[in-house]
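One structure is given below, encoded as structure tokens.
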Amino acid sequence: MSTPLVNELTVSEAAGDDVKKTSRDQREALPGEPICVVCGRYGEYICDQTESDICSLECKQTLLGRAADAHLPAGHPLPKRLAATDECFYVRDSESLPLTSDQTELLRRKLEIHVKGDSVPDPILSFSSCNLPEKLLHNIQTLGYDMPTPIQMQGIAAALTGKSLLASADTGSGKTASFLVPVVSRCATFRHGNLSKSKKPLAMVLTPTRELCIQVEEQAKLLGKGLPFKTALVIGGDAMPRQLYRIQQGVELIVGTPGRLIDLLAKHDIELDDIMTLVLDEVDCMLQKGFRDQVMQIFRALSQPQVLMYSATMSQEVEKMASSMAKDLIFVSIGQPNRPSNAVKQLAIWVESKQKKQKLFDILMSKQHFLPPSIVYVGSRIGADLLSNAITVTTGLKALSIHGEKSMKERREIMKSFLVGEVPLVVATGVLGRGVDLLGVRQVIVFDMPNSIKEYVHQIGRASRMGEDGTSIVFVNEENRNLFPDLVEVLKSSGAVIPRELVNSRYVKRSFPIGKGQRKRKYGS
Ligand SMILES: Nc1ncnc2c1ncn2[C@@H]1O[C@H](COP(=O)(O)OP(=O)(O)OP(=O)(O)O)[C@@H](O)[C@H]1O
């Protein structure tokens, strides 16, 4: 099997050809373009032995492997894509035999689980296959999690080994449970097996916003119910003495924002020497200027904990910093990092700044286009207040604003009335941009483009959880020109229509995909 492929690789490399080697190197297919029969990406090439569309050498190898497994003669066309039921990885339970290395590879390829590092454990196939405490398993079931998502399959397995981890996966793909399940498990097991009366905290989760901290702590409580697992929330805007008292009474997990935590640690004597695990949620944001110094100050106060770092967006700089924080790091990524969830249908509209308000009102007053509950993202606190008032006055819709200047009490109440459906629309700044799980929200309108494409990916990610369909609308104009190349890339990769003004902009380098007629020659021919 491998010989012809190696030959072709040699041929194409010798010819200086830029044939894509792995499926990851290939982009997503645009509407109407051929699709790789193995992975669904752009089928740039035709396999010389099966005549099927494929995206890379890697998928050609997989395709020929399947032909061999199915005992099909070379050249026999294979079925286009395996139906989801053709291979079921989930039926196994803890009694089943472990996966063979081929099966592990196939599973990872199929679920687009990419791993790097020494001795990376196999993904788990079910929550019951990794020795979690009974009560934790029961809590997972109560939450309705029947089977782990891909990031949970690989992330939980890796974190349970005690090694540090840098992981990326789509927005809304279950990253929170991916770090909380091992945290709850390790803490509860430690307390059970440890006879000492000490109740010093064992784990810490840092996130960039108060809203996200509240949500993570709530989920931690649900997962730790009935176990020796107490939590403390340490965020600005809530009374510090109460937070301190709770920690002094004994907790297993602290969830907090870096600023308030440093404040607390500076003023009070809190022993952190038992902390085994530090989680940095939204790690790319946490290691950026602004948070980085505070995070590192907290990290240095701990004694070499396991570090679990998660986000939907990554950069090489983050990878470098993460590697310097933890030895023997495992890297996990699901799909392609920095890409928006495929479940969100994006619409980019060119609107001059002066017309943005009217355009928004038109959308909100259209039964066809306004799909509440929705979030509108703006760039400033004052902008959020003004726009929410203007929406209510002009359209009659109840809209509330949420941003960092509002008190925690107000922010909590607004979130509550939004989540229970009393308010159909919230106008928010970045405080709701990352991480928050706004179940029920299926539409996001990006009124002011954020400063980076990564924040845009996080914002539109609020429109879909667990792959459910959502829509996003973004207003663009010349003022966002510094983001044009990245935005075009993101829209292109999702198959979204790119506004004419953006295509023709001098700020976008033109590199249009090769059409079907211009496709590269067959391998080996
Ligand atoms: N295994 C599972 N089965 C079913 N639902 C799940 C599972 N894991 C998580 N969920 C649910 O999926 C939703 C999204 O999860 P979560 O908020 O952890 O996503 P995320 O990857 O952290 O997203 P973001 O990048 O936006 O923070 C939540 O409502 C969560 O309860």
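Quick notes on this structure:
- Highlighted here are the helices (runs of 4 or more DSSP H) found entirely within the stretch 198-296 that include at least 1 residues which are under 29 Å from Leu137 (Cα atoms) and open to solvent by 20 Å² or more (accessible area, probe 1.4 Å): 210-224, 240-249.
- Hey, Leu397 open to solvent by 10 Å² or more (accessible area, probe 1.4 Å), assigned to a loop (DSSP other than H, G, I, E, B) and closer than 28 Å to Pro337 by Cα or not: no
- Condition check for Gly172: buried (at least 22 other Cβ atoms within 10 Å of the Cβ), touching a residue at least 60 places away in the same chain (Cβ under 8 Å) and at positive phi: yes
- If the condition is being under 14 Å from Asp238 (Cβ atoms) and among the basic types (Lys, Arg), then the stretch 394-411 contributes Lys406, Lys409, Arg411.
- Filter result (surrounded by fewer than 21 Cβ atoms within 10 Å (Cβ to Cβ), under 26 Å from Asn342 (Cα atoms) and of a type outside the set (A, V, I, L, M)) within the stretch 37-57: Gly40
- Within the stretch 136-147, residues that are more than 8 Å from the ligand (Cβ to nearest atom) reach partners that are modelled with pLDDT of 95 or more and assigned to a loop (DSSP other than H, G, I, E, B) with beta carbons closer than 6 Å, at six or more positions or on different chains, in the pairs Asn139/Lys225.
- On the stretch given as the stretch 322-368, residues that are over 25 Å from Asp122 (Cβ atoms) and touching a residue at least 24 places away in the same chain (Cβ under 8 Å) total 25.
- Lys327 being basic (Lys, Arg), closer than 22 Å to Leu212 by Cβ and not in a helix (DSSP H, G or I): no
- Listed here are the helices (runs of 4 or more DSSP H) enclosed by the stretch 34-147 that have at least 3 residues being at pLDDT 85 or above and of a type outside the set (D, E, K, R): 101-110, 134-142.
- Filter result for Ala188 (modelled with pLDDT of 95 or more and either open to solvent by less than 30 Å² (accessible area, probe 1.4 Å) or away from the ligand (no atom under 14 Å from the Cβ) (or both)): no
- Residue in the stretch 404-424 that is open to solvent by 40 Å² or more (accessible area, probe 1.4 Å), touching a helix residue (DSSP H, G or I) at 6+ places or on another chain (Cβ under 8 Å) and away from the ligand (no atom under 16 Å from the Cβ) present: yes
- Residue list for the stretch 460-483, filter: over 19 Å from Lys357 (Cβ atoms) and open to solvent by less than 10 Å² (accessible area, probe 1.4 Å): Ile460, Gly461, Arg462, Ala463, Ser464, Gly470
- Meets criteria (assigned to a helix (DSSP H, G or I), within 15 Å of the ligand (Cβ to nearest atom) and within 16 Å of the chain's Cα centre (by Cα)) for Ile156: yes
- Residue count for the stretch 319-341 under the criterion of being away from the ligand (no atom under 14 Å from the Cβ) and within 27 Å of Arg41 (Cα to Cα): the result is 4.
- Filtered by the rule that a residue be part of a loop (DSSP other than H, G, I, E, B) and surrounded by fewer than 22 Cβ atoms within 10 Å (Cβ to Cβ), the stretch 338-351 gives Asn338, Arg339, Asn342, Ala343, Val351.
- On the stretch given as the stretch 156-212, residues that are among the hydroxyl-bearing types (Ser, Thr, Tyr) and touching a Leu at 6+ places or on another chain (Cβ under 6 Å) total 2.
- Checking each residue in the stretch 356-386 for being farther than 17 Å from Pro450 by Cβ and touching a His at 6+ places or on another chain (Cβ under 7 Å) picks out only Ile363.
The values are calculated or read from the model by the stated rules, or taken from the named source; none is laboratory data. All figures in this text were calculated on a predicted structure; none of them were measured in a lab. With ideal geometry, Cβ positions are generated from the backbone for all residues, glycine too; neighbour counts draw on all protein chains shown. Accessible surface areas use protein heavy atoms only, side chains included; no ligands, DNA or RNA. Shrake-Rupley method; radii C 1.70, N 1.55, O 1.52, S 1.80 Å.
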